[in-house]
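Worksheet: the structure to be examined is printed underneath.
The values are calculated or read from the model by the stated rules, or taken from the named source; none is laboratory data. Keep in mind it's a predicted model, so treat the numbers as computed, not measured. Ideal geometry is used to build each Cβ from the backbone, glycine not excepted, and the neighbour counts take in all protein chains shown. Keep in mind that these areas ignore ligands, DNA and RNA; they rest on the heavy atoms of the full protein, side chains included. Shrake-Rupley method; radii C 1.70, N 1.55, O 1.52, S 1.80 Å.
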Amino acid sequence: MNKNIISEFKLKSIFSNKLKKNDIKKICLLKDKEWKYGFKKQIKWFQKYVKNQDIHNLLYHKSKLVGYTLLRKRGCKINGSNKKKFIFFDTLIIDKKYRGKKISYLLMALNNMVIKRNKLFSILICKKKQINFYKNNGWFQINNKNIQILDHKFSSFCMIYSEKNINNKYILWINK
């Protein structure tokens, strides 16, 4: 990636309880460009499911929010163990006007760094066409038979980051 392009962008990582109302508004407006549920529904979803210690990774071009990831700290059981923490990688979005510039790799580098800094592993759900992107960013595909999400239905693919054994059996809660 061209270093001149990189210098035009700013990355920021912030907990939910430190976000300002204007930050939440910008996040929901960006999300609604991709998932057209309406701004009000985006806000309601945010208020219902985002917790104070969830992490928001923001990518700015000048003062405009052009990229966003939500990392949600949640609970899971691994191979029937006691409940442990993990990070559910919830959202990755780049504004359509900024796609094709490879800036998603900047955001992924921040995401991976934040996950490691928290000393947790992370799981995400993605479409088949996105698997190679995540693999190129150090993630591994795991067998869907090894994942059970108790409060969310999915029929896509799962990826994992910063976990030694990708053959474990995972039971997850992402909305609690």
Restricting to segment 150-162, what's the tally of residues that are open to solvent by 50 Å² or more (accessible area, probe 1.4 Å) and farther than 25 Å from Q47 by Cβ?
-> 3
Quick one: in segment 27-41, of everything that is aromatic (F, W, Y) and over 11 Å from T91 (Cβ atoms), which residue is modelled with the lowest pLDDT?
-> Y37
Sort out which residues of segment 112-149 are surrounded by 12 or more Cβ atoms within 10 Å (Cβ to Cβ) and more than 25 Å from F15 (Cβ to Cβ), and write them in order of number.
-> Q130, I131, F133, K135, F140, Q141, I142, N144, N146, I147, Q148
Output the number of the condition that L30 fails; it satisfies all remaining conditions of (1) in contact (Cβ under 8 Å) with a residue 24 or more places away in the chain; (2) within 18 Å of the chain's Cα centre (by Cα); (3) open to solvent by 80 Å² or more (accessible area, probe 1.4 Å); (4) farther than 20 Å from K73 by Cβ.
-> (3)
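If we keep just the residues of segment 57-105 that are small (G, A, S) and surrounded by fewer than 17 Cβ atoms within 10 Å (Cβ to Cβ), which is farthest from K12 (Cα to Cα)?
G80
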Given the conditions (1) closer than 30 Å to K169 by Cβ; (2) modelled with pLDDT under 95; (3) out of contact with any strand residue (DSSP E or B) (no Cβ under 7 Å at 6 or more places or on another chain), and given that K77 satisfies all but one, which numbered condition is not satisfied?
-> (3)
